[in-house]
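Undergrad: Just dropping this structure here.
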């Protein structure tokens, strides 16, 4: 993996760039996910389009992600492709002197007006992490049944059935008779 080449794709030059609109395309693929150490993602392809509008002392960036990532199903632990389409915006203020505490907002960065380039690698990483689903499952079939690996589902069914048949601990049974005032 060529770490330097991958990171270069996420550097946007500011010095000497005229005011106006600029577009960039970057692919967030398996190499990116490995470099960024996004362990939840096993692979996939997210196409990132960055729209940069440069003004004298302000740069606005729009990030649009589209594609799919491969993650692990929380139920059967097999790979599942998760379609993703989301966006994010970042505002960069260019000032003569950056004062302490000015960079407290995640979506507004304050940088020295002489900054040569803007590295958005970590910002892209954070945006993807926030967009990943919390629960990943294979889609259900039209009848509402899971489409996970049948052998895993059979084991899960067997385990849930055997747990339901277990008797409760008699020491706790006495608590069932407690009555609370409303």
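Undergrad: So is residue 156 surrounded by 12 or more Cβ atoms within 10 Å (Cβ to Cβ), part of a loop (DSSP other than H, G, I, E, B) and either at pLDDT 85 or above or more than 24 Å from the chain's Cα centre (by Cα) (or both) or not?
TA: no
Undergrad: Looking at the stretch 121-132, I want the residues that are on the phi < 0 side of the Ramachandran plot and touching a residue at least 12 places away in the same chain (Cβ under 8 Å) and have a partner that is surrounded by fewer than 17 Cβ atoms within 10 Å (Cβ to Cβ) and in a helix (DSSP H, G or I) with Cβ atoms under 8 Å, at least 6 apart or on another chain. Which pairs are those?
TA: That search, which allows pairs on different chains as well, returns 121/7.
Undergrad: Another question, if that's okay. Read through the list (1) out of contact with any helix residue (DSSP H, G or I) (no Cβ under 9 Å at 6 or more places or on another chain); (2) surrounded by 15 or more Cβ atoms within 10 Å (Cβ to Cβ); (3) in a helix (DSSP H, G or I), then give the number of the only condition that residue 137 fails.
TA: Of (1) out of contact with any helix residue (DSSP H, G or I) (no Cβ under 9 Å at 6 or more places or on another chain); (2) surrounded by 15 or more Cβ atoms within 10 Å (Cβ to Cβ); (3) in a helix (DSSP H, G or I), only one is false for residue 137: (3).
Undergrad: A further question on this structure: Restricting to the stretch 59-78, what's the tally of residues that are part of a strand (DSSP E or B) and over 14 Å from residue 45 (Cβ atoms)?
TA: Of the residues in the stretch 59-78, 7 are part of a strand (DSSP E or B) and over 14 Å from residue 45 (Cβ atoms).
Undergrad: Testing residue 88 on (1) more than 26 Å from residue 148 (Cβ to Cβ); (2) surrounded by 15 or more Cβ atoms within 10 Å (Cβ to Cβ); (3) modelled with pLDDT under 95, one condition comes back false. Which one is that?
TA: Here residue 88 clears every test but (3).
Undergrad: Might you let me know whether the stretch 45-55 holds any residue that is more than 14 Å from the chain's Cα centre (by Cα), surrounded by 18 or more Cβ atoms within 10 Å (Cβ to Cβ) and either part of a helix (DSSP H, G or I) or without any contact (Cβ under 8 Å) to a residue 60 or more places away in the chain (or both)?
TA: Taking every residue of the stretch 45-55 in turn, at least one turns out to be more than 14 Å from the chain's Cα centre (by Cα), surrounded by 18 or more Cβ atoms within 10 Å (Cβ to Cβ) and either part of a helix (DSSP H, G or I) or without any contact (Cβ under 8 Å) to a residue 60 or more places away in the chain (or both).
The values are calculated or read from the model by the stated rules, or taken from the named source; none is laboratory data. Keep in mind it's a predicted model, so treat the numbers as computed, not measured. Because the Cβ atoms are built from the backbone with ideal geometry, glycine has one as well, and the counts that use them run over all protein chains shown.
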